[in-house]
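The values are calculated or read from the model by the stated rules, or taken from the named source; none is laboratory data. Predicted model, so just to flag it, every value in this text is computed and none were measured. Reconstructed Cβ throughout: ideal geometry from the backbone, glycine too, with neighbour counts over all protein chains shown. Note: areas computed on protein heavy atoms with side chains; ligands, DNA, RNA excluded. Shrake-Rupley method; radii C 1.70, N 1.55, O 1.52, S 1.80 Å.
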Amino acid sequence: MSSNFWTSSHFRQLMDPEDVDVVQQLDKDRGITLEDFKLIKMQMANYIAKLAQSVKVRQRVVATAITYMRRVYIRKSMSEYDPRLVAPTCLYLASKAEESTVQARALVFYIKKLYSNDEKFKFEIKDILEMEMKILEALNYYLVVFHPYRSLSQFLQDAGVHDVNSWCRGLVNDTYKMDLILMHPPHLIALACIYIASVYREKDVTAWFEELRADMNVVKNISMEILDFYEEQHRLAGEDRTGAAFSKLSSKP
């Protein structure tokens, strides 16, 4: 893996916001709206996290898997690439990329255990292995992902605000329910989380931010995206909405 974000494939693949949340035509033909698209991706991020708890992998693997999933749907439709299979396959691939390998059979076991009453989650090992090759092609074999966690630890130590560490990590984890990792350098996402936590905990880190010479307009914009997401999450949440969105994927155009 490249040790320099600025020379990595991750940096070269950063996208403009208007190019990220784009519903593919095949999905539009099935009635998938932009809200459906966002909701399904959010649910699949939760699905990956739930599976990861069962197979006991670290958060970095979860974050990489979710990033892969989001990258896939920049290029491929959900109609062709079933999210219910893409999500665990991304976790399988990420576990190898992050040198924390999970066996495909273990994923299949826990998928069936978690979704025993849903026929659409009845996958076998061969399904994951076949989808793995499709995902690799969709990703153009670019598997490098940089995350905000390392920068976050360094920044918190430098700023001397260790007491907001757990809150900031929770905020970073939540950013993977969004597409921020596809659009912004990880260190700016980390700074946005610190900015949010410092405001809410009334920590004056203005001088520290000034010393960093970070683009505060970008940091504040990312912060607003995160806060807006929490509001939107409450609006979009609900089993009925999720089920309705998935039912459109099963319908004929």
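Overview of results
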| quantity | calculated |
| --- | --- |
| Index of the failed condition, S3 passing every other in (1) more than 16 Å from the chain's Cα centre (by Cα); (2) outside any loop (DSSP other than H, G, I, E, B); (3) over 18 Å from T175 (Cα atoms) | (2) |
| Helices (runs of 4 or more DSSP H) (entirely within the range 161-226) containing at least 3 residues that are of a type in the set (S, T, Y) | 186-200 |
| Filter result for the condition that a residue is more than 15 Å from A214 (Cβ to Cβ), open to solvent by less than 10 Å² (accessible area, probe 1.4 Å) and not polar (S, T, N, Q), over L180, L156, L152 | L180 |
| Top-ranked residue in the range 212-253 [being surrounded by 11 or more Cβ atoms within 10 Å (Cβ to Cβ), out of contact with any helix residue (DSSP H, G or I) (no Cβ under 7 Å at 6 or more places or on another chain) and acidic (D, E); ranked as modelled with the lowest pLDDT] | E232 |
| Candidates E35, E99, filtered to the one that is outside any helix (DSSP H, G or I) and of a type in the set (D, E, K, R) | E99 |
| Test: L26 is touching a residue at least 60 places away in the same chain (Cβ under 8 Å), farther than 19 Å from K177 by Cα and of a type in the set (A, V, I, L, M) | yes |
| Residues (farther than 17 Å from H187 by Cβ, surrounded by fewer than 14 Cβ atoms within 10 Å (Cβ to Cβ) and over 17 Å from the mean Cα position of the chain (by Cα)) located in the range 10-28 | E18, Q25 |
| Matching residues, the range 136-149, being open to solvent by 10 Å² or more (accessible area, probe 1.4 Å), closer than 12 Å to P185 by Cα and among the β-branched types (V, I, T) | none |
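For (1) crowded, with 19+ Cβ neighbours inside 10 Å; (2) without any contact (Cβ under 8 Å) to a residue 60 or more places away in the chain, each residue gets a yes or a no:
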residue: V62; (1), (2): yes, no
residue: Y81; (1), (2): yes, yes
residue: L85; (1), (2): yes, yes
residue: V102; (1), (2): yes, yes
residue: N117; (1), (2): no, yes
